[in-house]
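*Asks:* I'd like to ask some things about the structure below.
The values are calculated or read from the model by the stated rules, or taken from the named source; none is laboratory data. These figures come from a predicted structure and were not determined experimentally. Please note: Cβ atoms are built from the backbone with ideal geometry, for glycine as well, and neighbour counts cover all protein chains shown. To get the accessible areas, we keep the full protein, side chains included, count just its heavy atoms, and leave off ligands, DNA and RNA. Shrake-Rupley method; radii C 1.70, N 1.55, O 1.52, S 1.80 Å.
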Amino acid sequence: MRKDQTIEALRGQLVVSCQAYEDNPLHGVDNMAIMSRCVLEGGAGAIRLCWPETIRAVRPFCAKPIIGINKVMPTDAHDAFESVYITPTLESAIAVVEAGCDVLAMDGTLRERQQGERLEEIVKELKRRYPDLVLMADLATIEEGIACAEMGFDILASTLSGYTTETRERSEMEPDYELISALKRRTGLLVNAEGRIWNLRQLDRAWQCGADMVSIGSAITNPMKTTQYLTAHMHVPTGVAG
């Protein structure tokens, strides 16, 4: 699929992220393949998958765009808010592209990256190797969005708002509607609203803020985390709880 076709195929779509870490009973390629089939049957316009082996397993039956990421945790990480781990290096990027993704998502923050690589150099090399590859920047601030737009990214996503040192105070808040709106207003690129969207009210508001596409993960494909969210935020009336 050509780059322009992929971008148009994503416009107005709900993207569902199918991921599970090792601490999750759903962890594993087979489970993620089943989850991918479920959300595609349910009407997802695209899916976001982590790690090359998962993309290779899903690609044969998925006619919708696949957004690929490759999470690589640094061995010397002291603080998850300071770490770049979403497709942090050129090597990690090439691995998921070669596995068959249509869109490559990378950490688009301006933090120091693993192995000292520079984001702009990674982008330049990827564009040289894969002219039709769509590049998405997962970021946390409007300043990062503007910088990524200048580097040549095709899609800007609010994914990391609340998950960096600079924005960590937002981690328990609503989705970052202000960032979604600012990214669209200031760059004109395709904007992906992602992060902390748990219900239809939040989904609708993301569209109203100017999102071109919306991605949801845990609320759909991570029942363990969804249960944790609900039990942590529910309000049991006085007298009901034992």
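*Asks:* Summing Lys, Arg as +1 and Asp, Glu as -1, what charge do residues with Cβ under 14 Å from the Cβ of Glu169 carry, Glu169 excluded? Intermediate results must be reported in sequence, preceding the final value.
*Replies:* On the way: positive: Arg168, Arg170, Arg196; negative: Glu166, Glu172, Glu174, Asp176, Glu178.
Residues near Glu169 contribute -2 overall.
*Asks:* In addition: Keeping the other protein chains in place, figure out the carbon and sulfur percent of the accessible area of the chain, with a 1.4 Å probe. If you can, show how the numbers build up before the last one.
*Replies:* Values: 6130 of 11790 Å².
Within the chain, the accessible surface is 52 percent carbon and sulfur.
*Asks:* Give the relative contact order (percent, whole number) for the chain; include only Cα pairs under 8 Å separated by 6+ residues. Numbers along the way, then the final one.
*Replies:* Working: 444 pairs, mean separation 42.7, N = 242.
Relative CO of the chain lands at 18 percent.
*Asks:* Can you give the net charge of the other residues whose Cβ lies under 9 Å from the Cβ of Ser158, counting K and R as +1 and D and E as -1? Please list the in-between numbers first.
*Replies:* Numbers: positive: none; negative: Asp138, Asp176, Glu194.
Spelling it out: positives minus negatives among the neighbours equals -3.
*Asks:* Hey, another quick one. With the chain treated as a Gaussian network of Cα nodes joined by springs under 10 Å, which of Asp30, Asp102, Asp138 yields the largest mean-square fluctuation?
*Replies:* Comparing Asp30, Asp102, Asp138 in the GNM, the peak value goes to Asp30.
*Asks:* Continuing with the same structure: Does anything in the stretch 169-185 have its amide N under 17 Å from the 7 Å Cα→Cβ label point of Ile146, and if so which residues?
*Replies:* 178-185
*Asks:* Restricting to Cα atoms and excluding each atom paired with itself, what does the Kirkwood estimate give for the stretch 33-115 in Å?
*Replies:* Working: mean 1/r = 0.0743 Å⁻¹.
About 13.5 Å, per the Kirkwood formula over Cα pairs.
*Asks:* Something else about it: For Arg128 and His27, FRET efficiency with R0 = 41 Å and r from the beta-carbon atoms, rounded to 0.05? Spell out each step's value before the answer.
*Replies:* Values: r = 35 Å, r/R0 = 0.85.
For His27 and Arg128, the calculated efficiency is 0.75.
*Asks:* Give me the 1.4 Å probe accessible area per residue for the chain, excluding ligands and nucleic acids, in Å².
*Replies:* On the way: 11790 Å² over 242 residues.
Averaged over the residues of the chain, the accessible area is 49 Å².
*Asks:* Specify the longest stretch of the chain that does not include any exposed loop site, a site being one of the trypsin sites (Lys or Arg not before Pro) with a non-H, G, I, E, B DSSP assignment and at most 12 other Cβ atoms within 10 Å.
*Replies:* On the way: sites that count: Arg2, Arg11, Arg118.
Counting only loop sites that pass the neighbour cut-off, the longest clear stretch is 119-242.
*Asks:* Along the positive direction of the dipole of the stretch 62-125 (beta-carbon charges: Lys, Arg +1; Asp, Glu -1; about the Cα centre), which of Gln114, Leu104, Ser92 reaches farthest?
*Replies:* In the stretch 62-125, that residue is Leu104.
*Asks:* Per-residue ellipticity at 222 nm for the chain, helices alone: DSSP H runs ≥ 4 residues times -39500 (n - 2.57), over residue total, nearest 500 deg cm²/dmol? Please report the intermediate quantities before stating the final value.
*Replies:* Details: 10 runs with 94 residues, N = 242.
Using -39500 (n - 2.57) per qualifying helix, the result is -11000 deg cm²/dmol.
*Asks:* Please find the FRET efficiency linking Leu230 to Arg11, where r is the Cβ-Cβ separation and R0 is fixed at 35 Å, and quote it to the nearest 0.05.
*Replies:* 0.65
*Asks:* Something else: Can you list the aspartates and glutamates whose alpha carbon is less than 15 Å from that of Lys127, not counting same-chain residues fewer than 8 positions off?
*Replies:* Asp4, Glu91, Glu98, Asp102, Glu150, Asp154
*Asks:* Using only the alpha-carbon atoms, how far is helix 177-187 inclined from the longest principal axis of the chain? Give it as 0 to 90 degrees, nearest 10.
*Replies:* Approximately 20 degrees, to the nearest 10.
*Asks:* Still on this structure: List, in the order given, every pair from Lys3/Lys225; Lys124/Lys184; Lys184/Lys225 whose Cα-Cα distance in the structure shown is over 26 Å.
*Replies:* Numbers: Lys3/Lys225 34 Å; Lys124/Lys184 23 Å; Lys184/Lys225 30 Å.
Checking Cα-Cα distances, Lys3/Lys225; Lys184/Lys225 exceed 26 Å.
*Asks:* Once the mean 1/r over all distinct Cα pairs of the stretch 49-196 is inverted, what Kirkwood radius in angstroms do you read off? Write down the numbers at each step before the final one.
*Replies:* Details: mean 1/r = 0.0648 Å⁻¹.
Taking every pair of different Cα atoms in the stretch 49-196, averaging 1/r and inverting gives 15.4 Å.
*Asks:* Toward the positive end of the charge dipole of the stretch 106-227, about the Cα centre and with charges on Cβ (Lys, Arg +1; Asp, Glu -1), which of Ala193, Leu139, Thr167 goes farthest?
*Replies:* So the residue furthest toward the plus end is Ala193.
*Asks:* Still on this model: Can you check what the net charge comes to around Arg196, using other residues whose Cβ is under 10 Å from the Cβ of Arg196 (Lys, Arg +1; Asp, Glu -1)? Could you put the intermediate results ahead of the total?
*Replies:* On the way: positive: Arg170; negative: Glu172, Glu174, Asp176, Glu194.
Summing Lys/Arg as +1 and Asp/Glu as -1 gives -3.
*Asks:* Antiparallel versus total DSSP beta bridges in the stretch 1-110: what percent is that, nearest 5? Provide the component values of the computation, followed by the final result.
*Replies:* Details: 1 of 11 bridges.
Among the beta bridges of the stretch 1-110, antiparallel pairing accounts for roughly 10 percent.
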